[in-house]
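First up is the structure itself, then whatever we jot down about it.
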Amino acid sequence: MTSVITEPLGCSDAPILKERGQREVFCGLTGIVWLHRKMQDAFFLVVGSRTCAHLLQSAAGVMIFAEPRFGTAIMEEKDLAGLADANEELDREVDRLLARRPDIKQLFLVGSCPSEVIKLDLSRAAERLTDRHGPHVQVVNYSGSGIETTFTQGEDACLAALVPTLGVTADKQLMLVGSLPDVVEDQFVRLFKAMGIEAVRSFPATERGLAPKVGPGTKVLLAQPFLGDAAAALAARDADILSAPFPFGADGTAAWISIGARAMGVPQARIDAVLETPHRRASNAVAKVAQNLRGKTVFLFPDSQLEIPLARFLARECGMIPIEVGSPYIHGSLVADDLALLPKGPLISEGQDVDRQLDRARDARPDLTVCGLGLANPLEAEGLTTKWAIELVFSPIHGFEQAADLAELFARPIRRRAMIDSMHPARVTA
Amino acid sequence: MKLSVWTYEGPPHVGAMRVATGMTGLHYVLHAPQGDTYADLLFTMIERRNHRPPVTYTTFQARDLGSDTADLFKQTCMDAYERFRPQALIVGASCTAELIQDDPGGLAARMGLPVPVIPLELPSYQRKENWGASETFFQIVRHLAKPCAPTAGLTCNILGGTALGFRHRDDVAEITRLLEGLGIGVNVAAPLGASPADIARLPAAEFNVMLYPEIAEPACRWLEREHGQKYTRTVPIGVGATRDFVAEVAEITGMAPPVRADESQLRLPWWSASVDSTYLTGKRVFIFGDGTHALAAARVARDEMGFEVVGLGCYNREFARDIRAAAKDYGVTPLITDDYLDVEAAIEQVQPEMILGTQMERHIGKRLGIPCAVISAPVHVQDFPARYSPVMGHEGANVLFDTWVHPLVMGLEEHLLHMFREDFEFHDDAGPSHLSGHAKPAPKLEIVPDAPAPEGAFIWAIDAEKELRKIPFFVRGKARRNTETFAAERGIEAISIETLYDAKAHYAR
C-alpha cells in the first residue's frame, strides 16, 4: 500500500494514548442493524444469549417490526452442556427459519461472546448448513462478539468473511468497499462514469447475485476506515488496496475520488474537469454551515473508528479545534492520510477507560462532545453540548452532496444548545 | 436454542441494573465483555436519566481469556470503589462472564473492601430481567436490613419500584399519598430512591407494601419471616383493587372498619358511567403484559369500564398460574408466551376491538389496524411521560380511563362511520379523526376478482366483499370472522351477501 498524500504537517507522528479500561461502545453485532438493510436477501442469525437479542433490539432504537431479517438463536442451559446438542439445535432453528423465509439467499451465522467462549465452531456449522441448503442459500459465518470486535468492526468481519465467496476476474475494475447508502453510492458511480470508468463495483452488493468478482485488476477504494480485515482479505485475492483520505467533506471526497480515478488511469485534467463543479458546490455549502463551527472546540469519544477522518474534516473544512480524538481502534495504515492531514494539537487516543476520559472531557469543557448514547444525556445534564456519534453511522455523510449535511450534524447541537439555554435558562434534569 | 426476534425481557443482569440505577449510594461491578455497556442507554435515553447507571464493567477481551480475567475483575472492583465510594457494592457476571466462572462474588469478598459486598448469582441462560431484579433486591435486603427500633408513628415501606419501570416513579408517589390519607407514613420506598443505609432500616416499619410482586415478592417474604413484617398482596391498580388494598392495609394495621380512603379525586366511576361512555360497553379487548399489570388491567377492563375481555396473557412464566386462574374466570384461553409472534397470532385470531399491551402489542396493533394502549413494560421513550401519570391509586384509575379511551374512535364518530362509510373524511385509512394529522384520501375500492384464495380460505363473492368493506374498519375483522365461522359451521364455501347478513342476524346481541 502506498500513500499518495505526503504532507509534512499533521498528526502522523503524534503519540497515541492507549487506554485500557471500561469501554462505552457497542460490540460488532450492532453492524447488523445497517448490514441487513443493505444486503436485501440476507438474514443475520446471531448465535448468542438473551443479552445479544436485547442489544440488537435496543440498539436498533426504533423496532422495524415487520419481521426483520435478523434474529438471535438464544442459547439455553442445555446448549451449554454439550456442543453436539448445540449444533443440532442450531441446525433445527436454521431449517425452520429457511422454511419460513424462502426469500433468503444468504445466511450469516454471527458469533457472539458466549458462542466463542464455549467454542461453538460456526465455520463448521456454516459448511454443514451450506451443504444442506445450498446452492439456493449461501451460509457464511463471522464474529460480531464483544470480546473480538467493536461496533463497526462487525461490518469488517462480515465483509472479510464474504471475500472468499467472491468470483475471480482479472478485469480492470474499481471496487468501492463498505456499505454506503444507495444515494451516496449512486453519486460516486456517476462521477466515476463521467470520467469514463464504467467498471465500478460495490461491495457488499445489495443482492447475492450482484456480488462483485475480484482479482489482480481490481483497485480497491475503501469507503470506511474500519475495514482492515476486509482489505487484507481482498489483498490476499490480489486486489490493490488504494490509500486515500476518506470521502468526508468536499476536500476529502475530491482526494478520495481522484485517487481512485488515477489508479484506473484517468488523466488528472479529466478528473479535475469532472470534480470541479461538485467540489466547489460542496465547499460553498460546507462553508455556510461552518460559520457556526469555526473556532469551536470538539472532543470525540471513541465510537465508530470514523473519528480520525471526521476530526480531519472538522479541523480543515469547518475550522474546529479538536481537543481529543478517541478511536476504539486505529488502523494505522488505513487512516495514515487522514492523520497526516489532521493539524497538530489534539490528543489522539485509542481504546478507552471511560471514567478517565470523562474526567478529561470535563476538564477541557469542549464546545461540542461527540459521544455514544449512554453518555449524551448525563453530559448534557452537566452542561456540555453533545452530538450522538451513532447518527454518524446511520446517516448518509460521505461524498460531495452530503458534506454540508455532515457539517450540519455538528452545527445543529450547538445551535440547539443556544436555543434551549434561552428557552429554559433554569431547568431540572430527570 | 430458540430463535428470537424481539424480546419482552432483557437478561437478568439488566434487572440488577434497574435496581442499582434506581438506588443511590450503591455501585454495581459487572464482569462483562465490551458491548454489554449498551444497557446504559436504556436508562440514559429511554428514561432520560441525567446520570450514567452506577455500573462499572470489566470489559474483558478475547486475549484476556484464560489469563487474567480474575485480576481484571479485582482491579476494576478496586478502581470503582476508589472512584465512586459507594455505601455498598453489588458484584456479578453477565452471560459471557458466567461461562468463564471467575466467581466475582468470592473474589470481591476476599478484597477486604470497607463496605458490604453483595454477590449476585443470576443465571443468564435460565432466567430473565424481572427475576434478576427481584433476586438482586432480595439479596440487597437480606445482606443489609438489620433489626431496629420501630419508627415513631405508624409506617410502612413501599417495595418494588425500580429504574426503567412502567410508571414506577409516579406509582410510588401516588401510593405514598394514599397511605398518608390513612394516617400511615412511609419509612422507606425501595429500591427506587433508597440508599443502602435506607435498606438497613427497613425493619423499622410496621409492614410492607408489595407494589410490584415481580420485583418485591422474595424480599417481602424474607422480611416477613425474619422481621415479622406483614405485606400487602393486592396491587392497587383500578378502583376495586385500590379499595381492596385499603381494606388489606386496614386489616394488617388493625384499624377499626370501615376504613375508606378519601375518594373525592377519583373520577373513573363517573367517567365510565356517563352516557358518552355508552360506546365503551362491551368493547372486546385483548390484554397482554407482565402478570401483575395484565391481571389488574383485566379487572379494570371488565368490572370498571364495561369492556369484554377476549384474551388474557403474560410473558413472565412466574405468573402463569395466576393468569391461568384469572383466564378461567374471564372465560378465555390463557396465553403464556414470550414469543411475540404467538401473541400476534392470538390477537389476529380473536380480532379484538382494542389491545391493552406492551410496546410489542402496540406494533402488532399497528400491523393489524387495531388500537392499542400500553399497560405494561417493556415500554419505549414515549411511555415515560413528563406529566404526573401513575397507574395506581385514585389518580392511576383516572389515568387508565384516559389512556384506554384515547386510542378508540369516539362515540358519535363511531355512529357517523356506520352511517356514511365511503365519506372522504371518515374512512378506513383515516383512523380515529383526533389521532391522524394527515388523513389519507379515501382509497378507491379495488377488488381483484381473479385473486386465488389462499388454502383453507373462503371464497367471498365480489358483492359480499364490497358489502363487508362498508362495515367500519374497527368492527370489520370481527364481522369477517363471524361470517366465516358461521359459514364453516354450515358447510358454506362461497360467501354471498345473504351469508353475511345471516351471520349478522345469528350473532346479533
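The values are calculated or read from the model by the stated rules, or taken from the named source; none is laboratory data. No experiment lies behind these values; they were computed from the predicted model shown. Positions of Cβ are backbone-derived with ideal geometry, glycine not excepted, and every protein chain shown enters the neighbour counts.
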Please count how many residues of the stretch A:348-388 are out of contact with any helix residue (DSSP H, G or I) (no Cβ under 8 Å at 6 or more places or on another chain) and either away from chain B (no Cβ under 14 Å) or over 18 Å from A:Lys18 (Cβ atoms) (or both).
9
Quick check: anything in the stretch B:238-251 within 26 Å of B:Ser134 (Cα to Cα), part of a helix (DSSP H, G or I) and within 19 Å of the chain's Cα centre (by Cα)?
yes
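Within the stretch B:308-319, can one find any residue that is of a type in the set (Asp, Glu), at pLDDT below 95 and surrounded by 16 or more Cβ atoms within 10 Å (Cβ to Cβ)?
Yes, the conditions are met somewhere in the stretch B:308-319.
Of these, B:Arg49, B:Arg83, B:Arg127, which one is outside any strand (DSSP E or B), in contact (Cβ under 8 Å) with a residue 40 or more places away in the chain, within 30 Å of A:Leu384 (Cβ to Cβ) and within 13 Å of chain A (Cβ to nearest Cβ)? Explain how you work it out, then say what you get.
Values: B:Arg83 fails: in contact (Cβ under 8 Å) with a residue 40 or more places away in the chain; B:Arg127 fails: within 30 Å of A:Leu384 (Cβ to Cβ).
Testing whether each residue is outside any strand (DSSP E or B), in contact (Cβ under 8 Å) with a residue 40 or more places away in the chain, within 30 Å of A:Leu384 (Cβ to Cβ) and within 13 Å of chain A (Cβ to nearest Cβ) leaves just B:Arg49.
Picking from B:Ala219, B:Ala194, which residue would you name as being within 16 Å of B:Cys156 (Cβ to Cβ) and not in a helix (DSSP H, G or I)?
Working: B:Ala219 fails: not in a helix (DSSP H, G or I).
Answer to the check: B:Ala194.
Residue-wise test of (1) farther than 17 Å from A:Arg69 by Cα; (2) away from chain B (no Cβ under 14 Å); (3) surrounded by 15 or more Cβ atoms within 10 Å (Cβ to Cβ).
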{"residue": "A:Glu93", "(1), (2), (3)": "no, no, yes"}
{"residue": "A:Leu98", "(1), (2), (3)": "no, no, yes"}
{"residue": "A:Ile104", "(1), (2), (3)": "no, no, yes"}
{"residue": "A:Glu116", "(1), (2), (3)": "yes, no, yes"}
{"residue": "A:Lys119", "(1), (2), (3)": "yes, no, no"}
{"residue": "A:Ala126", "(1), (2), (3)": "yes, yes, yes"}
{"residue": "A:Gly134", "(1), (2), (3)": "yes, yes, no"}
When residues of the stretch A:5-33 are limited to those that are within 11 Å of chain B (Cβ to nearest Cβ) and assigned to a helix (DSSP H, G or I), the one surrounded by the most Cβ atoms within 10 Å (Cβ to Cβ)
A:Leu29
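Could you identify the single residue in B:Leu72, B:Leu89 that is crowded, with 18+ Cβ neighbours inside 10 Å, more than 9 Å from every other protein chain (Cβ to nearest Cβ) and not in a strand (DSSP E or B)?
Just one listed residue meets the conditions, B:Leu72.
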Pull out all pairs, ordered by first then second residue, where Cβ-Cβ is under 6 Å, the residues are six or more apart or on different chains, the first lies in the stretch B:190-218 and is over 22 Å from B:Ser376 (Cβ atoms), and the second is basic (Lys, Arg) and modelled with pLDDT of 95 or more.
B:Ala200/B:Lys146; B:Phe207/B:Lys230
Which residues, counting only those in the stretch B:3-46, are acidic (Asp, Glu) and either away from chain A (no Cβ under 11 Å) or over 18 Å from the mean Cα position of the chain (by Cα) (or both)?
B:Asp36, B:Asp40
Just checking, how many residues over the stretch A:67-85 are more than 7 Å from chain B (Cβ to nearest Cβ) and not in a strand (DSSP E or B)?
7
Would you mind telling me which numbered condition in (1) within 22 Å of B:Glu395 (Cα to Cα); (2) in contact (Cβ under 8 Å) with a residue 24 or more places away in the chain; (3) β-branched (Val, Ile, Thr) B:Ile252 fails?
(1)
Tell me which residues, restricted to the stretch B:361-386, are surrounded by fewer than 18 Cβ atoms within 10 Å (Cβ to Cβ), of a type in the set (Gly, Ala, Ser) and either facing chain A (nearest Cβ under 9 Å) or more than 19 Å from B:Val310 (Cβ to Cβ) (or both).
B:Ala386
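Take A:Glu391 and decide whether it is out of contact with any His (no Cβ under 6 Å at 6 or more places or on another chain), within 25 Å of A:Glu24 (Cα to Cα) and in contact (Cβ under 8 Å) with a residue 40 or more places away in the chain.
no
Residues checked against (1) modelled with pLDDT of 95 or more; (2) surrounded by fewer than 20 Cβ atoms within 10 Å (Cβ to Cβ); (3) of a type in the set (Ser, Thr, Tyr); (4) not in a helix (DSSP H, G or I):
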position	(1), (2), (3), (4)
A:Pro216	yes, yes, no, yes
A:Val220	yes, no, no, yes
A:Ala233	yes, no, no, no
A:Ala250	yes, no, no, no
Looking at B:Gly112 and the list (1) of a type outside the set (Asp, Glu); (2) away from every other protein chain (no Cβ under 14 Å); (3) free of Cβ contacts under 8 Å to residues at least 24 places away in the same chain; (4) buried (at least 17 other Cβ atoms within 10 Å of the Cβ), which single condition is not satisfied?
(4)
Within the stretch A:376-430, track down each residue that is more than 26 Å from the chain's Cα centre (by Cα), of a type in the set (Asp, Glu) and either under 19 Å from A:Leu293 (Cα atoms) or surrounded by 21 or more Cβ atoms within 10 Å (Cβ to Cβ) (or both).
A:Asp421
Scanning the stretch A:34-60 for residues that are in a helix (DSSP H, G or I) and of a type in the set (D, E, K, R), the one nearest to the other protein chains (Cβ to nearest Cβ) turns out to be A:Arg50
